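The values are calculated or read from the model by the stated rules, or taken from the named source; none is laboratory data. Quantities reported herein were computed from a predicted structural model and do not represent experimental measurements. As a convention, Cβ positions derive from the backbone with ideal geometry for all residues, glycine included, and neighbour counts pool all protein chains shown.
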Amino acid sequence: MLAGLQTGLKNTLLGAALVAALASTGCVSNDPSGVYGGNFDREEAAKTRMSLGLTYLQNNNYSQAKKNLDKALEFNPRSADVQYAMAYYYQLVGDNQRAESFYEAAIDLAPNNGDIANSYGAFKCQNGQYEQAKTYFFDAINNRLYSNAAQTYENLALCAQSQGQLEEAIGYFNEALKHQPARGKSLFLLTELYVVSEQYDLAKATLDKYEKVARVTPDSLWLAYEIAKGQGDFETAKGYGDMMVSVYPDNALTKRYVEDSKSLQRRVVKTVKSTQSENVLSSGQKTNVVEVNTDIVAKSDEQAPESTQTESTEPESTSQSTFATDTDTSNDQNTELSEQTAKIHVVKPGENLYRISLLHNIKMATLREWNNLDNTGAIIAGQSLWLVPPNMQEE
């Protein structure tokens, strides 16, 4: 599912249930052997076992985690937290049917628990049940005792984004930022959505806020480059690109920038020459062609490294695949692909057109055209995308 929702779920569970369990139980002790005495506190023993099980889960020791969670369930089957922990375990191991059953039990036992409602909403979204997911997310948000509305609005945004509901996602990210204005993850993801919808002024303003609360990364520099390019400020775009080359020379996005700069250079030269020709015609004068300074972009063709596929990278503060855009609709994209080139990409959960375009070094505009997608580029998990032009597509 959405990596961001999974991470949010994990943080919620381990941050709330695990910490609470550890705080309330202290050190873990062995269970009494034989028949439990009259003073044996089953509720406390369940908390201790749950705490230990979650600790094992955190360390990826699934067998010991399951053993201790089973004991916790045996000691106190009426504990919503134990049912919640079991649901989380089964979700991690991919047994959605059992996870669903334990989530339902946890909700029944604690209908006003915002953490459980938020996590159940994430689980529902993971399984493509968007409307049901929204119901549980809003149950959490509307709970006056729930203190993590920013996280849940962010989850709502990620879920809406996974369904191609970009305007809805933008709205939810903005709601998250009302509750937590300095939330770096939401600021970054919102910036990318503004870029993909070509709202460059809003994108720049949001990225400025992000840069005040987070460190510079290749991803943030790439976004700044895309925004400046979208605003037609090619000199500023070049500056951000040069910074990537200087600070992150081996990063995949830097290599993408070097390749992209060649196309940008050709467009700038073509525009300038076209303007000069129009001026000559309008004045009726003859003149020699003026040589254009092509240093408008970083690195000449001779200096640039060979084209390479670019791997998706994510900033430290994000865990969800996100959006950006390529406003160039020209035919600069190389369509002469070898027979060995992959022809189809199957969309994985959480992927979007921007990240796929980076992965295969194909422009977003080209992918939209080859796959008859609308301008939002909305895609869903499991969808097959052509990576070749129509004349090379075979069913």
> Taking segment 127-140 as the region of interest, how many residues are surrounded by fewer than 22 Cβ atoms within 10 Å (Cβ to Cβ) and either touching a helix residue (DSSP H, G or I) at 6+ places or on another chain (Cβ under 8 Å) or at negative phi (or both)?
Replying inline: 9
>> Filter segment 128-151 down to the residues that are among the aromatic types (F, W, Y) and touching a Gly at 6+ places or on another chain (Cβ under 7 Å) and list them by number.
In response: Y136, F137, Y146
> Restricted to segment 354-377, and to residues that are surrounded by fewer than 19 Cβ atoms within 10 Å (Cβ to Cβ) and aliphatic (A, V, I, L, M), which residue is nearest to the chain's Cα centre (by Cα)?
Replying inline: L359
> Inside segment 129-146, can you point out the residues that are without any contact (Cβ under 8 Å) to a residue 24 or more places away in the chain and not in a helix (DSSP H, G or I)?
Replying inline: Q129, N142, R144
> Any idea which of L193, L177, L207 is hydrophobic (A, V, I, L, M, F, W, C) and under 19 Å from T254 (Cβ atoms)?
Replying inline: L207
> Can you tell me which residue in segment 226-244 is nearest to D201 (Cα to Cα), limited to those that are touching a residue at least 40 places away in the same chain (Cβ under 8 Å) and surrounded by fewer than 21 Cβ atoms within 10 Å (Cβ to Cβ)?
Replying inline: F234
> Within segment 147-165, which residues are without any contact (Cβ under 8 Å) to a residue 40 or more places away in the chain and surrounded by fewer than 17 Cβ atoms within 10 Å (Cβ to Cβ)?
Replying inline: S147
> Can you tell which of N118, N143 is farther than 19 Å from K348 by Cβ and surrounded by fewer than 24 Cβ atoms within 10 Å (Cβ to Cβ)?
Replying inline: N143
> Looking at segment 115-142, which of its residues are closer than 21 Å to A381 by Cα and of a type in the set (G, A, S)?
Replying inline: S119, G121, A122, G128, A133
>> Could you check segment 189-208 and list, in sequence order, the residues that are without any contact (Cβ under 8 Å) to a residue 24 or more places away in the chain, part of a helix (DSSP H, G or I) and surrounded by fewer than 20 Cβ atoms within 10 Å (Cβ to Cβ)?
In response: L202, A205, D208
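If a residue must be in contact with a Ser or Thr (Cβ under 6 Å, 6 or more places away or on another chain) and closer than 19 Å to N76 by Cβ, how many such residues does segment 90-131 contain?
1
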> Is at least one residue of segment 88-96 surrounded by fewer than 19 Cβ atoms within 10 Å (Cβ to Cβ), over 30 Å from I380 (Cβ atoms), at pLDDT below 95 and of a type in the set (V, I, T)?
Replying inline: no
> If you take the residues of segment 86-105 that are part of a helix (DSSP H, G or I) and small (G, A, S), which of them is nearest to N127 (Cα to Cα)?
Replying inline: A99
